[in-house]
Amino acid sequence: MLYLKKHRLFIVLTLLIGCIDSAFVYLTYIQAKSRLHIEEQQLAINHLSAFEIAYKAAQENMLQISNLVANEPAYSRLFLEGKRAVASEGGGAGDVKSQLARDALNAAIETNWQQFSDKFQARQLQFHFGPGSTSFLRAHKPNKFGDNMDDVRYTIVDSNRYQKQTTGFETGRVYSGIRGVTPVFSMNEFGEQEHVGAVEAGTSFSAVFENLTPVLNVNAAVLLYEEHLRKNVWPDFLQSHLEASPAINGLVMEATTSEQINQLRVLATSHHHPNINNSEISVDVYNLDGHFYLYAKQPLRDYIGSTNSTIPDAGQIVIWQDTTQLYDTFNDNFRVNIYSALVAFLIVELLVFIAIRIVSRRLQNTIDKQTEDISSRALALDSSPDFIAITDITGEIEYANSKAIEITGYTSKELLGNNMSILSSNHTKSEVYEQLWLTILGGKEWRGELLNKHKDDTLYWAENVISPRLNDNGEVVNFIVAQHDVTTAHNHHEKVLHDALHDQLTGLINRREFERRMDRIFDAIRAEYSSTALFFLDLDYFKRVNDECGHQAGDQVLKDISNIIEGELRQRDTLARLGGDEFAVILNHCEIEQAMLVAEKICAAVKAYEFHWKSIVYTLGVSVGVTPFLTTDSNWKETVNRADKACYNAKEAGRSQVVLIK
């Protein structure tokens, strides 16, 4: 008792220091664990972002393949002959003539198909008749044809319906894959471009994984919901697929880099991170055979799901990585902290705080040095040289740096000895090259932008500085070429220009571009008269949809109506959204009688349109005011005022009417 009284202060200080020491150890543990979880989340974000980049690249590759095939005249002509043969033999798969046409197209495409398969890992190449999606030829399965896939192949249906390219993930009758679809047109016997159908190129997620996972040192898988597969895949193919890879928790394996996924999917999570930063990414950590695995997943939306948010997800994208080393490092660091605290506590309580400060400073110095090293490496990468080449006075390449090889896609052997014209895209005017050569042969530096071509024929904008090198006599002996890729800036400029002249919701031209075109058309009519008509259109009952269903539904209706109106117009006609539910149409070289027929067809098409919202069907109408362009008008605003008045009269006459004012 006397000892306790004598050393009471020391004991109190010892207990106080012990509590502080314990609290410090505990707080260090909590902070380290928080940092570990943040690192796990960042790993998940980085890996899934890399997957998204590779996924989009695969879509672009498939789109380029389909575009190449669709724009080959020999293929489109054979495809048109097949369409004619099938139509003459009653549709569907056709008969003898259809099979001959199919064999001819298959023989023509066979070599290119093999190249696409070998070089770009394409798994599917298929020709479909429109409208809808009726298979004419599967280059990958020539014996399967004639089936209609309108209810599963929405990329094909939309490409044929809107005659535009589509891309995305989609589950077909046999394969699920990444698709690129391009409409096919061919010159018919009347000398007109006729829409034949669409060509589709597809690849699997395995191709994406092959390019992605070795770089990131991770494993990945795509899982599809069993219900999604049952709605799309032929039953016999689905049955064989389920026998080979049974569903686990309602999800079926589509592609994977490791069968380890099946073990992880049935485990209970070690700990779970909710969706990160309000994203759709979720992270789990699993303990399997003494190893910790980061298991990141996000929803997979197929093509039709990306256009309609009410459709369920098609499946999940999963990426996992052995993070045992992270946890070993975490546990080792924690043990070091405990031992350090105990040693410091046993040596002298008063030095604990100082020791912690020293350790903290050393740790911070280590972190700062590592951060500085990482920053230096990043700066070195970011400051890597641009395309640099040296040529003789004829443009023959004598030297090219590694960046030039990277940018162009050519090897050093392919570049050296070749002329710089190997990079020419043939899109730059000859006058530009004439001025370029005149400048540099005169011993002066030339600066400018050129549209160049990669080895794979893709185009890129390059900012060029070409400097002549002179000898002691002032003669040009060679040229130093520096290029900087400015494709992104060019694309941004084009997008800004497009957005300034187009309605963001419907993609139609806006009021500003409409008025500019009215200026041009009015001047042309004054110079040389041609029959031209103007429509003003105002939707009827649209306010009800907006009020009862909300603006999102209203926006969808406006997009649908835009497509309906556009479908009744010729390619040379102009459709504009002036604002709200008001539209305008310019019909060039169109007599007023024909214009009235077009207006009536638009009125009927809109009236037949139905919008479904929460089991309620909404119908709309459109009031159309029609007027011709008159040479007696002093300016185009008089024409617009007549069309607007005619539209107003149509409203007053009971709506869903067409009124003409001459």
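The values are calculated or read from the model by the stated rules, or taken from the named source; none is laboratory data. Computed from a predicted model, the values in this text were never measured in an experiment. Every residue, glycine among them, receives a Cβ derived from its backbone with ideal geometry; neighbour counts consider all protein chains shown. These accessible areas exclude ligands, DNA and RNA; they are computed on the full protein's heavy atoms, side chains included. Shrake-Rupley method; radii C 1.70, N 1.55, O 1.52, S 1.80 Å.
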* Asked: Mean separation of Cα pairs under 8 Å and 6+ residues apart, divided by the residue count of region 231-346: what relative contact order is that in percent?
  -> 14
* Counted charge near Ser88, where neighbours are those whose Cβ lies closer than 13 Å (Asp, Glu -1; Lys, Arg +1) -> 0
* Structure fact -> For region 425-494, listing GluC sites (Glu not before Pro) in a DSSP loop whose Cβ sees at most 16 other Cβ atoms within 10 Å gives Glu445, Glu475
* **Convex hull (Cα only) mean projected area of region 198-344, reported in nm² to one decimal** => 12.6
* Mind ranking 639-647, 35-43, 653-661 by how tightly packed they are, going by the mean number of other C-beta atoms within 10 angstrom, highest first? => 639-647, 653-661, 35-43
* Rounded to the nearest Å, what's the spacing between the alpha carbon centres of region 121-183 and region 300-359? Just the number, please. => 45
* Structure fact -> Checking rank on 249-261, 13-25, with mean other Cβ inside 10 Å and highest first, the result is 249-261, 13-25
* Asked: With all protein chains present, how much of the accessible area of the chain (probe radius 1.4 Å) comes from carbon and sulfur, to the nearest whole percent?
  -> 53
* To do: Among the chymotrypsin sites (Phe, Trp or Tyr not before Pro) in region 310-348, which ones are in a DSSP loop with at most 13 other Cβ atoms within 10 Å of the Cβ? Mind listing them?
  => none
* region 49-106: D in µm²/s via Stokes-Einstein (Kirkwood Rh, Cα pairs, 4 °C, 1.567 mPa s)? -> 98
* To do: Determine the alpha carbon to alpha carbon distance for each of Lys97/Lys453; Lys495/Lys559; Lys164/Lys662; Lys601/Lys645; Lys56/Lys455 and list only those over 32 Å.
  => Lys97/Lys453; Lys164/Lys662
* Asked: For the chain, what mean projected area does the convex hull of the alpha carbons give, in nm²?
  -> 47.8
* Asked: Taking only C-alpha pairs under 8 Å that are 6+ residues apart, what is the relative contact order of the chain in percent?
  -> 7
* Over region 495-569, relative contact order from alpha-carbon pairs under 8 Å, at least 6 apart, % -> 26
* Give me the accessible area per residue for the chain, probe 1.4 Å, as a whole number in Å². => 54
* Total formal charge among the other residues, if their Cβ is under 15 angstrom from that of Gln435, Lys/Arg +1 and Asp/Glu -1 -> -1
* Structure fact -> The answer for the net charge of residues other than Ile311 whose Cβ lies under 9 angstrom from its Cβ, with Lys and Arg +1 and Asp and Glu -1, is -1
* Asked: Can you give the Kirkwood hydrodynamic radius for region 439-546, in Å, rounded to one decimal and based on Cα pairs?
  -> 19.5
* Asked: Can you work out D for region 578-662 in µm² s⁻¹ from Stokes-Einstein, where Rh is the Kirkwood radius over C-alpha pairs, the temperature is 25 °C and the viscosity is 0.890 mPa s?
  -> 176
* Structure fact -> Under 5 Å from the placed amide H of Val486, counting only residues 5+ away or on other chains, we find Trp461, Ala462, Glu463
* MRE, 222 nm, helices only [DSSP H, n ≥ 4, -39500 (n - 2.57), over the chain, to nearest 500] -> -16500 deg cm²/dmol
* **Kirkwood-type radius of region 6-83, with distances r between different C-alpha atoms, in Å** => 18.9
* Ratio Rg/Rh, restricted to region 504-572 and using Cα atoms, in which Rh is the Kirkwood radius -> 1.08
* **Globularity index of region 389-495, i.e. its alpha-carbon radius of gyration over 2.2 N^0.38 Å** => 1.07
